[in-house]
Each structure stands twice: as structure tokens, then as C-alpha cells.
Amino acid sequence: MSVAEAGAVIIRYIDELEASVRHVRTSMEPMLGRALAAILEKQRKTLGWDGEIEGDLEGPAWFAPKEWKTPGDVQDNHDLFIEFNRKDCDDGDSTDTWVGAFCEFAGSCVQFAFDTNTQGVRPWRAILRNETDIIDELKSLGFRCDPRTGELTLRVTIDRDLLAQAFITDEFDLALEPAALALNRIQAARGPLDRLVAAIRKKA
């Protein structure tokens, strides 16, 4: 389909398109946000981690084992923490909706991304670049790392059919189970991740 033909189709179906996006944002995403928050909060408590997640996909959603808390810090700073967010599409733009990311539209996805409260962007990238043994081990466990951008992530793959069924039944546990399982995978990778925390603290 040419660009001109695509434009004509969009014009013909603009009412349905606008109504769909409005429904996603006003109805589907609040449902999804509440369900995800409940599942991840339950898993956070099971693991005994620090963190905060609201029933709003645009709100804070971060987690960290208590051992990663910055020594002597009285706030919520951690040498390493995990944030639930969405990866951009292959063209570098973000999805217009969170549902699009959950469904992996155009190369996007939802993921857990690692960051630090105690290092700037350049030192953080340098740590990812220099700690090759740690990063290689994490990659072997399914993590992704790009030191050029400072990205260290674990992808969460959601089954689109299960998610569609969840909106019919209002039962999201099965569809969103991969998010809880991803936290378990992070816990299972504590060996290399704890060594990464030690490397961060050496740079502090």
C-alpha cells in the first residue's frame, strides 16, 4: 500500500481510529495499569525488595533488592535499581499507547531497565563498557546491554492473545505473569548483578 493509499484508508476510517485510541487511553490502560501494579507489588513483597509502583502506567514503577540501597543514604537512593518501562519502536519513536508496547508494535516492548542513582550518564556507560565479564554473563541469561546508550534491560514478552482474553474476562494474572517471572529471573541473576553493584560502588 502506498503512502497516498494509506492516507485515504485512514481518512475513511478516522472515526474508528480516533475512538479506538480514546478507548485504549481512557479504559484499557487504566485497567492494565491497576492489574500490573497488583501483580508486581505482590511479587515485590514476596522477594522482600524496596520499590514503588502505582496503578498508573505513567507513574513510578521501580524495584531494588534492599542490599542495593546506597550505604548511609536516608532517602530511596540505590546504587542499582530496576524500572518497568517501554522500549521505543525500531524507528526510535515511542508507541502512542502503552497497549502498543505490550503488544510489541513495530519493535517496541515492555521491559525492566536498570539504572543507578549514584552515577552520571557517562560513568554508568563506562561501567557497562568496562565490566565485560559481568555483562557477558548477564547476556547469557537473556539480558540486553548497549553501553553506548547506557541500556541494560530484560525484555518482558506478553502473549497478545492472552492479553486480549484478559480484557474480556477482566482477569489479567495469566497474561501478565511474564512480568512477575521476569522479576524472578532478575533475582536468579543476583550473582552478576551484585558484582555490578560492587563495581558501581568502587566508582562512587
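The values are calculated or read from the model by the stated rules, or taken from the named source; none is laboratory data. Owing to the predicted nature of the structure, the values given are computational and were not obtained by experimental measurement. Here the Cβ is made from the backbone with ideal geometry for all residues, glycine too, and neighbour counts use every protein chain on show.
A few comments on the model shown:
Yes/no per residue for (1) surrounded by 14 or more Cβ atoms within 10 Å (Cβ to Cβ); (2) assigned to a helix (DSSP H, G or I); (3) of a type outside the set (Phe, Trp, Tyr); (4) in contact with a helix residue (DSSP H, G or I) (Cβ under 8 Å, 6 or more places away or on another chain):
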{"residue": "GLU5", "(1), (2), (3), (4)": "no, yes, yes, no"}
{"residue": "LEU32", "(1), (2), (3), (4)": "yes, yes, yes, yes"}
{"residue": "ALA35", "(1), (2), (3), (4)": "yes, yes, yes, yes"}
{"residue": "TRP62", "(1), (2), (3), (4)": "yes, no, no, no"}
{"residue": "GLY72", "(1), (2), (3), (4)": "no, no, yes, no"}
{"residue": "GLN75", "(1), (2), (3), (4)": "no, no, yes, no"}
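- Residue within segment 41-51 that is within 19 Å of GLU104 (Cβ to Cβ) and either at pLDDT below 95 or touching a strand residue (DSSP E or B) at 6+ places or on another chain (Cβ under 9 Å) (or both) present: no
- Boolean, LEU57 is in contact with a Phe, Trp or Tyr (Cβ under 6 Å, 6 or more places away or on another chain), surrounded by 13 or more Cβ atoms within 10 Å (Cβ to Cβ) and outside any strand (DSSP E or B): yes
- Flag for ARG185 being more than 20 Å from ALA35 (Cβ to Cβ), touching a Pro at 6+ places or on another chain (Cβ under 9 Å) and either at pLDDT 95 or above or not hydrophobic (A, V, I, L, M, F, W, C) (or both): no
- Those residues of segment 34-57 which are of a type in the set (Val, Ile, Thr) and either free of Cβ contacts under 8 Å to residues at least 60 places away in the same chain or in contact with a His (Cβ under 8 Å, 6 or more places away or on another chain) (or both), in sequence order: THR46, ILE53
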